[in-house]
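Comments concern the structure below.
The values are calculated or read from the model by the stated rules, or taken from the named source; none is laboratory data. Not measured: the values here are computed from a predicted model. Cβ: placed from backbone, ideal geometry, glycine included. Neighbour counts: every protein chain shown. In case anyone asks, the SASA skips ligands and DNA or RNA and just uses the protein heavy atoms, side chains included. Shrake-Rupley method; radii C 1.70, N 1.55, O 1.52, S 1.80 Å.
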Amino acid sequence: EGAGLASSESGGSGFSLAAAALPERRRPGGGRPRYEVVRELGAEEVRWFYREDRKTWKPFIGYDSLRIELAYRALGAGGPAEPREGEAAAAVEPVCVRCGLYEVDVANAESYPVYWNETEKIPVMRGQWFIDGTWQPLEEEESNLIEQEHLRCFKGQQLQESFDVEVSKPVDGKEAIHSLKLSRNHVDWHSVDEVYLYSDATTSKIARTVTQKLGFSKASSSGTRLHRGYVEEATLEDKPPQTSHIVFVVHGIGQKMDQGRIIKNTAMLRDTVRKVEEKYFSNLATHFEFLPVEWRSKLTLDGDTVDSITPDKVRSIRDMLNSSAMDIMYYTSPLYRDELVKGLEQELNRLYTLFCSRNPEFEEKGGKVSIVSHSLGCVITYDIMTGWNPFRLYEQSLQKEKEKLEDHWMSYEEQHLLEQLYIAEQRVREIEERLRELTTSTVSNPPALKFKVENFFCMGSPLAVFLAMRGVRPGNSGSQDHILPRTICNRLLNIFHPTDPVAYRLEPLILKHYSNISPVRIHWYNTANPVPYEHMKPSFLNPTKEPTSVTDSESASTGPSPTTSPVMVRHHYGESITNIGKASILGAASIGKGLGGMLFSRFGRSSTAQTAETGKEGVEGEDKKATGVETPTLPHSSSGFVEPAVELEHRIDFELREGLVESRYWSTVTSHTAYWSSLDIAHFLLTFMCKHDQGDTDKSSRDAV
């Protein structure tokens, strides 16, 4: 479904032609049987189509088309006549199509999504007669007239013995045995099987007259051959697999500005994953379904208060900021934060409950759930999963105030009041504990989400900044549990583009020295035999320099001890124009003359000259500053790969590769919204989701053995 077909008008007939060729006509049993007679089209010969965004008609798969046709015939009392009105129309239920994402209302010839809302319905059409070569359907009104005329004149007559037994005579030497006049076209039957459509527009008539005088036949010069019945018969075996893994796609800021954006982005991501899955994961038994989670449009927030206080000058820019960046301010506001959290939480649970009600075997067979969040959506999703709320910060601040009171000298009255405060707090905690015991014995507190998250993919995420502002600091363990317990989410993965200004790294919040270790670079989707991500060794951001171990008591003026190394220079993605220019010139000289060397040094991820230049300046800059960063000593090798004493259990930060001719300044503007159509990201998502599913399958097989 969905090969892009270029549209063009043919003789004003109202149907569209396409240049793409489809497979040859296939019918079960190797073609038509001998001496077949003309009869009414079977349900398997009819094909239903849908059209999105006013583009080319796309065919439903055989399983969907056959069920739509059977529902259509049920409306017409068992025959292919026009559907009845009234009770019969109400009796036929909508047909679930396209992997369960849409339903078709046969009576009104329209389709609509199940899990989200769209302003416009998707038209569907019943195809009986089709254009030769492209197999695009004729408009339904014309198709019905041609079908009625064909049955009236030729019903019961025998067709040719077979398509390939005998080559039929060319139509040039045949006269039309029957003709039908339509509104803007007419149809000629040269035989039962050879039917041509001609345009009656004035220009078409003139062209037809000229070509016939030049010796060309009417059919070969301006006719369009038609076929009765679709190129491929519909069967119930042409059915999509059952969904065993659903992926919720959560949007970030800006949804108020374009409410349908997350639906389009999810469709782009779904289509991209389907392409990669078909080519590189065709032997998978798992079927993934992507569902958009649109949580912003249902929120009330401040109503129109912000709009009313917005000045009129440069109004379009202000409105854009109000509809996008204002979401961040809403989320940091104690007044509106809970509304945003509840909005996303309720929408996730609603979608999951609806999906399970329509797919009752999903939970029984151990179906899994992953979440792909973008931008601010990563932060809200994280807070929902972990149950974080700002009151924790308030409690921490109270504790610090108590410690300050205890540290300084107090009068007798102050000490007495402080003791009373401790006694009162202890009493409150006891009452709360007793109340909690009573409520838990009667009413259990359900989790925020009704499902466990298998994988949490963050794209272009500022989550690390929010965690840092909440006081999260690196620890001594390389476990993901430091920021997201494995009991809540099995795997956390942070995907970002190197020039995305909104994205930040998470690994340095777990282990400090990972700020000097480069994130894992995501493979190109078409890389042959890529190294598995779990086997990729961590490497320094700057392999020519060695890491350091600087204690809090040391200053920049203190020289490195024999057991320490010089301060390692941090790698920065956004160099200044001057530094990039220096790197380009020196890099070209070091690699060699010629265009190849210049391209490598200008657009490469990092060059030798850039390393040397930034390293020299960086060391000088670090020597001038006092550092209080505690970094553990890291064993290292000359190859630049890290062999630290403490490593992460699993890598979390994954970085997209920059294109060879990609402008960093332009990609800074576009990279934050460019994740949805990336084939590399689609391959990455499938790699990790399939790996866990395959691991479970292998484990069950070993247990059986």
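Points worth noting:
- Each residue of region 259-266 was assigned a 3J(HN,Hα) from its phi angle through the Karplus curve 6.51 cos²θ - 1.76 cosθ + 1.60 (θ = phi - 60°); the sequence is 5, x, 5, 5, 5, 5, 5, 5 Hz, with glycine and proline shown as x.
- Estimated D of region 249-288 in µm² per second, where Rh is the Kirkwood radius over Cα pairs and Stokes-Einstein applies at 25 °C, 0.890 mPa s: 211
- Highest average packing first - 417-425, 144-152, Cβ atoms within 10 Å: 144-152, 417-425
- Among VAL531, VAL472, the sequence by solvent-accessible area, most first, with a 1.4 Å probe is VAL531, VAL472.
- Each Lys and Arg adds +1 at its Cβ and each Asp and Glu adds -1 at its Cβ; summed about the Cα centre, region 255-372 shows a dipole of about 340 debye.
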